[in-house]
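**Q** Shown below is the structure under consideration.
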Amino acid sequence: MLELNPTDAIVVLTGAGISKESGLDTFRDADGLWSKVNIEDVATPEAYARDPVRVLDFYNHRRRGMANPNIQPNAAHVALARLEREWPGQVLVVTQNIDDLHERGGSVNLLHMHGEILKVRCGRTDEVFDWREDCTPMSRNPTTNEAGTLRPHVVWFGEMPLFMEEIQTALSRCALFVSVGTSGNVYPAAGFVDEAKRSAGAYALELNLEPSMGAGLFDEARRGPATEIVPAFVDEVLAGTV
Ligand code: APR
């Protein structure tokens, strides 16, 4: 049973499952992205070096998809933003997702550890730019005006995720670690539950449609669609009955 004090910090890790009911594909469900395209062809530095146009097109397609007016934050995104606003202790959302649905749902204290689809980065200067159109080898760096240096600001397999120091600090201080909509297949995110328990003695709760790879590491699991179980969980935390 979890006893939370109002000053307790909460870390929430989210994955593609939280955006599924907004209409975005997950990666490893039966109809997921990796059932349609190989990671090695579109989501590694080697793929980009081998065929930059193919990689840029893969992310252009996903970026265009974000302009679809039917893709909106869902009740789970909105509930996590409410938790951040109304919980007196710190709430940090660490997302593996590259969509902007947490921001649009109202989250502010948010870290995109795998980058963001609506940003590009210059491979030469490392400068990051908001970017909503297609990115091609002809796209020009807005600062230097040079072409051919822009890539998706997305962390590929084999690259170091972002904000790891901030994340590790938050994990070492949290009383509650919640995982939402992730299969626990990809490290370092999949190791955060163990880190929170070992370094902070955190209570670990998994909110997921089905057991993740790391399900056995959690103190408690609630099964169901994120739009149902996340708002219910937030209501309980704010009512002091979790
Ligand atoms: N509500 C809650 N959970 C859901 C829902 C839903 N409506 N739909 C699916 N899920 C769960 C699935 O059961 C699965 O456990 O979400 C999880 C999605 O897992 P993945 O597709 O593996 O996505 P994720 O865990 O975010 O992948 C991690 O892998 O490919 C890389 O960089 C990519 O960030 C991604 C990382």
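**Q** Evaluate the following for Glu103: is it open to solvent by 40 Å² or more (accessible area, probe 1.4 Å), over 18 Å from the mean Cα position of the chain (by Cα), within 23 Å of Val237 (Cα to Cα) and away from the ligand (no atom under 15 Å from the Cβ)?
**A** The answer is no for Glu103.
**Q** Something else about it: Can you find, within region 106-123, the residue that is nearest to the ligand (Cβ to nearest atom) among those that are among the aliphatic types (A, V, I, L, M) and open to solvent by 10 Å² or more (accessible area, probe 1.4 Å)?
**A** Leu111
**Q** If Tyr203 meets every condition in (1) in contact with a helix residue (DSSP H, G or I) (Cβ under 7 Å, 6 or more places away or on another chain); (2) closer than 27 Å to Glu84 by Cβ; (3) among the hydroxyl-bearing types (Ser, Thr, Tyr) apart from one, which number is that one?
**A** (1)
**Q** A further question follows. Please verify whether Val128 is farther than 30 Å from Ala175 by Cβ, of a type in the set (A, V, I, L, M) and without any contact (Cβ under 8 Å) to a residue 40 or more places away in the chain, treating the condition exactly as stated.
**A** Yes, satisfied.
**Q** Give the residue, chosen from Ser22, Ser35, that is of a type in the set (Ser, Thr, Tyr) and either at positive phi or without any contact (Cβ under 8 Å) to a residue 12 or more places away in the chain (or both).
**A** None of the other options fit; the residue is Ser35.
**Q** Sort through Asp25, Asp51, Asp8, Asp29 and tell me the only one that's within 11 Å of the ligand (Cβ to nearest atom), farther than 22 Å from Ala215 by Cβ and charged (D, E, K, R).
**A** Result: Asp25 is the single residue among Asp25, Asp51, Asp8, Asp29 that is within 11 Å of the ligand (Cβ to nearest atom), farther than 22 Å from Ala215 by Cβ and charged (D, E, K, R).
The values are calculated or read from the model by the stated rules, or taken from the named source; none is laboratory data. Bear in mind that the values here come from a model prediction, so they are computed numbers and not experimental data. Cβ sites come from the backbone with ideal geometry, for glycine too, and all protein chains shown count toward neighbours. Keep in mind that these areas ignore ligands, DNA and RNA; they rest on the heavy atoms of the full protein, side chains included. Shrake-Rupley method; radii C 1.70, N 1.55, O 1.52, S 1.80 Å.
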